[in-house]
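This report refers to the structure that appears directly beneath it.
The values are calculated or read from the model by the stated rules, or taken from the named source; none is laboratory data. A quick note: this is a predicted structure, and the numbers were derived from the prediction, not measured. Here the Cβ positions follow ideal geometry from the backbone for every residue, glycine too, while neighbour counts run over all protein chains shown. Side chains included, ligands, DNA and RNA excluded: accessible areas come from the protein's heavy atoms. Shrake-Rupley method; radii C 1.70, N 1.55, O 1.52, S 1.80 Å.
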Amino acid sequence: MHRSDDGPDGRPVSVTGGRNPEAGIVFDAVGKSFAATRGATPISAIKDVSLTIGAEQFVAVLGPSGCGKTTLLRLADGLIQPDAGSIRIFGNPPQPGPDIGFVFQSFRLIPWATVAQNVEFGLMDLDLTKAERADRVAQNIDLVGLSRAADAYPATLSGGMRQRVALARALAPDPRVLLMDEPFASIDAQTRELMQGELMRIWAQRKSTVMFVTHSVDEAILLADQIVLLAPRPGRVVEVVNVDLERPRWTFDARAEPRFMELRRHLAEQMRKLVLADPSSEFFGRDFVPH
Amino acid sequence: MILVFRLGFLAFLLLLWALAAQQMGGNVVPSPKATYLAAGRMLGEGRLIRALGDSLTVFLSGYALAIAVGVPMGILMGGFRVLGKTLEVYVYALAATPRVAFIPLIIVMLGLGVEAKMFIVFLGALMPVLINTYAGVLAADDELIEMAQSVGAGRMRVFRRIVLPGAVPFVIVGMRLGATIGLINTVVAELYTSVKGLGGLLAIYGNTFRMAEYFVVVLMLSLIGVVVTESLRYLEQRASRWRIVK
Ligand SMILES: Nc1ncnc2c1ncn2[C@@H]1O[C@H](COP(=O)(O)OP(=O)(O)OP(=O)(O)O)[C@@H](O)[C@H]1O
Ligand SMILES: [Mg+2]
């Protein structure tokens, strides 16, 4: 059954186990505050978050809007520094670069660069010969199935294709760690399912450590080894759930498994409670009857 | 297709012109034909070409100087926030001051020759180029910058690969505005300093009521305006091929 190592008071929760016990990403009592405007009192975005993600694990971070999911990823990439606690990526402080791939919530493609040039952008910090570079680019574009659009500009692509480019760019340097921020949130349902399958295929091939942010319970269960549930304002870890479903999960209809439904019921109920308990949510204090 | 419409409109304008000439008499508005003949005469004398050469020299050198100074300065002001914050007030103040106000000062400093004219053009074209470049650098996409940082780009590379290319459309708009103002200032300079070039011809023919010749000069100026702005429009399209072409 799922593990509930710790409650909402947010003391250390450890997520280890799975295929490789070596620690890939470690958050140790991390806190981060933001001031809405310069000089305003900082508001705590995440507070006292501790979690350990094992090497080569796929961990989904699940939580309602505003619970600090993006903030966690930016911290893990070293794009921002924590106010409290520390973060380690394979034992070292996070350093943005080719070792950590980041797929953003919005695609963030360079509009004046072609698909190939955008993918090549991900390789900028690597010492490669021209031929190696071109090779890598072609290989990763092929991996996401965009070979025929290599010379197209982003403006001419569909949302799904743009997200593939962003994925190829993040994968191109062959990073040990892959951070993904709701990468499929703005893609239509059909494309999303296909992309989820492809991501699983790529992950099985590349063996990277993945931190995947989502607010979709189904997506989290379908993809992850572990699910970290966050509560909002301030963002903190509420629960860590082990997903003990067989892999690969995209080759059969995992959603029909009794275990899948059990996990979904539990997580959906938890998410609902978090939203109802959030004073800044429009559903605050309402008492919905569980279905 | 659009070319056909444009030519059609040109015919309409010519018709209006001919009508106006008929109503008001050739002494006020010369007929298209009289203007055409005057143009032939002026070309034959070599006077028009010489004036055109003078004006273009003044315009192009002043304008080139404005770009050579305005673009790097805008980039520096955008790249170093302290510098930008310090200077922007003065730049905006200068941009809001009618440049004609400086002409007496310029004449005192540089005399009535080519240098003074060039400087008047430079001063007019500089502001739009500078201000737009500055705005373009400041308008850089924060999300793209963060993406570049996550890929491992340092400050310099973020600036070179994200900020500067993103500013190009702004710079070209500034160049277009600068070209228009520069052209106006060319004529203003030729009227206020030593009377030369197309502006000079304008003064001579206007003062002596030789309206056909006067019209030739006015049309010449419009033609230069069209050529300059159209070439910049072409440049703009070249620079933004990546936008969806409908
Ligand atoms: N740069 C910032 N400046 C000010 N406040 C910020 C900043 N970044 C995040 N916050 C605040 O921190 C909290 C968490 O933000 P974050 O973007 O991490 O949430 P999220 O879980 O990713 O939300 P969503 O699901 O909507 O993407 C929010 O209340 C947000 O307003
Ligand atoms: Mg987010």
Residues in the range A:103-148 occluded by at least 50 Å² - accessible area, probe radius 1.4 Å, against chain by itself: A:ARG108, A:TRP112, A:PHE121, A:MET124
What's the FRET efficiency of A:LYS207 with B:TRP242 using the Cβ-Cβ distance as r and R₀ = 56 Å, to the nearest 0.05? 0.95
Looking at this model, which pairs from A:LYS32/A:LYS273; B:LYS33/B:LYS196; A:LYS69/A:LYS130; A:LYS47/A:LYS273; A:LYS69/A:LYS207 are more than 31 angstrom apart at the alpha-carbon? A:LYS69/A:LYS130
Total accessible area lost when B and A pair, probe 1.4 Å, Å² to nearest 100: 2000 Å²
Would you work out if chain B is rounded, prolate or oblate? Take a ≥ b ≥ c from the square roots of the eigenvalues of the alpha-carbon gyration tensor; rounded if a/c is under 1.5, else prolate when a/b is larger than b/c, oblate otherwise. oblate
In chain A the DSSP beta bridges are antiparallel at a rate, in percent to nearest 5, of 50 percent
Solvent exposure ordering (accessible area, 1.4 Å, most first) of A:THR41, B:THR186, A:THR70: A:THR41, A:THR70, B:THR186
For chain B, what relative contact order do you get, as a whole percent, if you take Cα pairs closer than 8 Å and at least 6 residues apart? 26 percent
Using a 1.4 angstrom probe and counting only protein chains, how large is the accessible area of A:SER65 in Å², to 10? 90 Å²
Cα extents of the protein assembly as shown along the three principal axes, largest first, in whole Å? 101, 56, 49
As an exercise, use a Förster radius of 30 Å and the Cβ-Cβ distance of A:ASP127 and A:ASP151 to find the FRET efficiency, rounded to the nearest 0.05. 0.70
Do any GluC sites (Glu not before Pro) in the range B:209-246 lie in a DSSP loop with no more than 13 other beta carbon atoms within 10 Å, and if so, which? none
Can you give the accessible area per residue of chain A, in Å², using a 1.4 Å probe? 45 Å²
DSSP H segments from chain B that extend 18 Å or more along their own axis, Cα-based, with Kyte-Doolittle mean of 1.6 or above: B:2-24, B:114-138
Ordering A:MET271, B:MET42 by accessible area with a probe of 1.4 Å, largest first, what comes out? A:MET271, B:MET42
Between the range B:42-116 and the range A:70-91, the Cα center-to-center distance that results, in Å: 50 Å
If the chain between B:LEU13 and B:ARG157 were fully stretched, how many nm would it gain, using 0.36 nm times the residue separation less the Cα-Cα distance? 46.6 nm
Residue by residue through the range A:221-230, which ³J(HN,Hα) values in whole Hz follow from phi under the Karplus form 6.51 cos²θ - 1.76 cosθ + 1.60 (θ = phi - 60°), with glycine and proline marked x? 5, 5, 9, 9, 7, 9, 10, 9, 9, 10
Contact order relative to length for the range A:67-226, counting C-alpha pairs under 8 Å separated by 6 or more residues, stands in percent at 27 percent
The range B:32-245 - percent of accessible surface contributed by carbon and sulfur, probe 1.4 Å: 70 percent
The ³J(HN,Hα) series, computed from each phi in the range A:146-156 with the Karplus coefficients 6.51, -1.76 and 1.60 at θ = phi - 60°, rounded to the nearest Hz and given as x for glycine or proline, is 10, 3, 6, 9, 4, 9, 7, 8, x, 4, 8
